[in-house]
Amino acid sequence: MEKDIKVSVIVPVYNAEKYVKEAIESLIGQTLKEIQIILVDDGSKDNSGKICDEYATKDERISVIHKENGGQADARNAGISIAKGKYIMFLDADDLFEKDSCESMYKTIEKSKTDYVIGNYQMIDEDGKKWQNPAFDTDKYKEFRLDIHDYRKSFFVMNSTVWNKIYNTKFLKEKGVVFKILKPSEDDYFTSLCYIKANDGYYTSKVMYLYRNVPNSTSKKCSLEYFKGINKAYKVIYESFKANNEINYYRYVYAKKNAYVVCQLIDTEELSDSEKIECLKEFEWYFNLSNELKIDIVHNTLKKLMALIKSKDYDNAIIEMNILKEYRKSIPDNIRKRISFPTLENYEQMAKYNDEFKNK
């Protein structure tokens, strides 16, 4: 197996006995056979580790790591440390690859000769039924070479998830790109480093990943601990952009994340009003960045709220958040999602300050 491994696929596994068999089967059945399947049992308390071991006896391409629980970032780093493939991909234990995902991504990165390739992905229900449309519009975004300074096209597909991508192993190791132990946003940090440090990237519109929409999954819980973790991660990511002289690129990342985290605070059912105020105070440094970065652009529905937050009028901010919460509940999911992020017009308004922040 070690003679010619084209792709190493790393799967962090934690208490995933309900789904992990299907995930492993989607790898065993890949049309590209020269792959290494690395299953990292991250201290599971159910039968996940046993299931991984059973599959390892059936397929010599499978390697299993058993370790104490350290979270997804730590598990993925453990996988990277033993990866022998020319390229690396990631699969979460409750998700799936399409049958030709490894082959199509391998061929694309070989042809494009880039450090990483981003693929399209599609949501599936808990039972595996595909949603109607993929994440990225296949008519609007076809194959093209990526540029982190292209805010009209590239930026819209350069998402933070690690699993809809393939990475050149040599690039990751030479540039020291590994996961930082952050909870959550470990994906954010990793992909940000890739975008900053890569010479070149590429996008393909082919759906290569199936993301399972699991009700009540950990990633969907917006608790006080979650927001404090996000705050810590955002500081690390900001410092990373500063250290690599990519503040102008960070401005666009900031605009996107700022609106998103505020909408999460609005929508969450897990926090009391006093806890929301605590979160807003934790994020003061972050909201204050909007002045430094010359960004005062959010969707019209959020303008009043953002003004209250920036003036630290937290009591009235909570009143406005509760009004917005009821409004957002009443509108369709696709509209709610759209107003949670800046638009192309918003980004184009930001561009007038680009020269001021280049190489800063």
Looking at this model, which pairs from Lys228/Lys281; Lys129/Lys256; Lys228/Lys276; Lys281/Lys310; Lys86/Lys175 are more than 19 angstrom apart at the alpha-carbon?
Lys129/Lys256
Percentage relative contact order, the stretch 212-360, counting C-alpha pairs under 8 Å, at least six apart
36
Degrees between helix 314-329 axis and first principal axis of the chain (Cα, 0 to 90, nearest 10)
60
Would you mind getting the Kirkwood hydrodynamic radius of the stretch 2-215 from its Cα pairs, rounded to one decimal in Å?
17.2
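Order these peptides, 281-294, 174-187, 83-96, by their mean beta-carbon neighbour count within 10 angstrom, highest first.
For the peptides 281-294, 174-187, 83-96, the packing ranking is 83-96, 174-187, 281-294.
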Within-13-Å neighbourhood charge of Thr108 [Cβ basis; K, R +1; D, E -1]:
+2
Contact order normalised by length for the stretch 165-240, with contacts defined as Cα pairs under 8 Å and 6 or more residues apart; what percent is it?
42
How long are the three semi-axes of the equivalent ellipsoid of the chain, in whole Å, if each is the root of 5 times an eigenvalue of the C-alpha gyration tensor, listed from largest down?
35, 24, 19
Would the stretch 114-196 count as rounded, prolate or oblate if I go by the C-alpha gyration tensor, calling it rounded below 1.5 in a/c and otherwise prolate when a/b exceeds b/c, oblate otherwise?
oblate
Quick one: grab the alpha carbon gyration tensor of the stretch 1-104, order the square roots of its eigenvalues as a ≥ b ≥ c, and give me rounded if a/c is under 1.5, else prolate or oblate depending on whether a/b is larger than b/c.
prolate
antiparallel share of DSSP beta bridges within the chain, to nearest 5, in %, is 30
Across the stretch 108-113, in residue order, what do the Karplus-derived ³J(HN,Hα) couplings come to in whole Hz, using 6.51 cos²θ - 1.76 cosθ + 1.60 with θ = phi - 60° and x for Gly and Pro?
5, 6, 5, 5, 7, 6
Which whole-number percent gives the relative contact order of the chain, counting Cα pairs below 8 Å spaced six or more residues apart?
16
For the stretch 285-356 versus the stretch 141-170, the gap between their alpha-carbon centres in whole angstrom:
25
Which angle between 0 and 90 degrees, to the nearest 10, do you get for helix 186-197 versus the longest principal axis of the chain when only C-alpha atoms count?
90
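Each reported figure results from applying straightforward, stated rules to the coordinates on display, with no laboratory input. This one's a predicted model, so the numbers in the text were calculated from it and none came from an experiment. Positions of Cβ are backbone-derived with ideal geometry, glycine not excepted, and every protein chain shown enters the neighbour counts.
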